[in-house]
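Enquirer: The structure is given below, and queries will be raised subsequently.
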Amino acid sequence: MLGLFVSPAFQGQNDRPMKHELFPAKKIFLTGAAILLPLALLFAPMNAQTPHSKADVPGNVQQELVRIETGFFEAWKSKDDAYFRDHMLENGVFWGEGGTFSRDQQLQRQQASAKTCTVEGYGLSDFGALPLAAGAYLLTYKAEQYATCNGEKLPVHLNGSSIYILKAGRWQAIYRAEVPLENQH
């Protein structure tokens with residue numbers, strides 16, 4: 001759990017809480033979003049006042065990000081952990097229902113998965129891209145996976161998101177997340 005100090009300046013000129021103040025305490029605690037806070041601070045200088053539309057994302061950028069993201073699924077299916085190594089930054093983070101993992105931990109998980117999982121197929125759809133800052137985009141998508149690990153079927157439906165940054169002339173994932181959707185058929 002991460003605590004953030006809220007300055008008394010946010011309470012107005014005096015120490016008396018304002019009528020509309022929902023959180024009168026001087027500390028606010030974040031839970032699941034705590035992992036995204038460092039990323040949000042990284043991209044804080046962006047102009048957050050301007051709404052973004054699909055026109056804000058060049059088509060060739062979105063196509064490249066979709067190609068790379070699809071490559072992660074194909075690499076999982078073909079047991080190619082080198083793809084993860086090549087397309088995820090060294091300080092990258094993977095987040096899923098099993099927890100939060102560094103790039104190296106994710107590579108170890110991929111190697112173990114190669115021994116215990118069979119991926120029959122997958123499908124990705126409903127892609128969306130949102131610019132976060134110059135050279136940084138959030139890619140969101142829906143996924144269907146048909147896989148079995150240790151004799152158990154994995155959830156079919158997932159929501160996924162990745163943050164890509166342009167480094168050394170190529171797009172690389174610094175953050176990837178997959179969350180299974182329950183009760184989807």
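The values are calculated or read from the model by the stated rules, or taken from the named source; none is laboratory data. From a predicted model like this one, the values you see are computed outputs, not experimental measurements. Positions of Cβ are backbone-derived with ideal geometry, glycine not excepted, and every protein chain shown enters the neighbour counts.
Enquirer: Look through LYS142, LYS77 and report the one residue that is of a type in the set (Lys, Arg), in contact (Cβ under 8 Å) with a residue 24 or more places away in the chain and in the same structural domain as SER161 (by TED's automatic domain parsing). Steps first, answer last, please.
Expert: Values: LYS142 fails: in contact (Cβ under 8 Å) with a residue 24 or more places away in the chain.
Among LYS142, LYS77, only LYS77 is of a type in the set (Lys, Arg), in contact (Cβ under 8 Å) with a residue 24 or more places away in the chain and in the same structural domain as SER161 (by TED's automatic domain parsing).
Enquirer: Being among the aromatic types (Phe, Trp, Tyr), part of a helix (DSSP H, G or I) and closer than 23 Å to GLN63 by Cβ narrows it down to one residue among TYR83, TYR141; which is it?
Expert: On inspection, the qualifying residue turns out to be TYR83.
Enquirer: Also, I was wondering about something else. How many of the residues in region 125-136 are out of contact with any helix residue (DSSP H, G or I) (no Cβ under 6 Å at 6 or more places or on another chain) and either part of a strand (DSSP E or B) or farther than 21 Å from ILE165 by Cβ (or both)?
Expert: Number satisfying all stated conditions: 7.
Enquirer: Can I ask one more? VAL119 - would you say it is among the β-branched types (Val, Ile, Thr), buried (at least 16 other Cβ atoms within 10 Å of the Cβ) and either part of a strand (DSSP E or B) or touching a Gly at 6+ places or on another chain (Cβ under 8 Å) (or both)? Spell out the reasoning first.
Expert: Values: among the β-branched types (Val, Ile, Thr): yes; buried (at least 16 other Cβ atoms within 10 Å of the Cβ): yes; either part of a strand (DSSP E or B) or touching a Gly at 6+ places or on another chain (Cβ under 8 Å) (or both): yes.
Criteria met by VAL119.
Enquirer: Looking at region 113-133 only, could you name the residues that are free of Cβ contacts under 8 Å to residues at least 12 places away in the same chain and either of a type in the set (A, V, I, L, M) or not assigned by TED's automatic domain parsing to the domain that holds GLY169 (or both)?
Expert: Result: no residue meets the conditions.
Residue by residue, here is whether (1) loosely packed, with under 14 Cβ neighbours inside 10 Å; (2) under 17 Å from the mean Cα position of the chain (by Cα); (3) more than 24 Å from SER78 (Cβ to Cβ) holds:
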site	(1), (2), (3)
LYS115	yes, no, no
GLY123	yes, no, no
LEU139	no, yes, no
GLN145	no, no, no
CYS149	no, no, no
GLU152	yes, no, no
VAL156	no, no, no
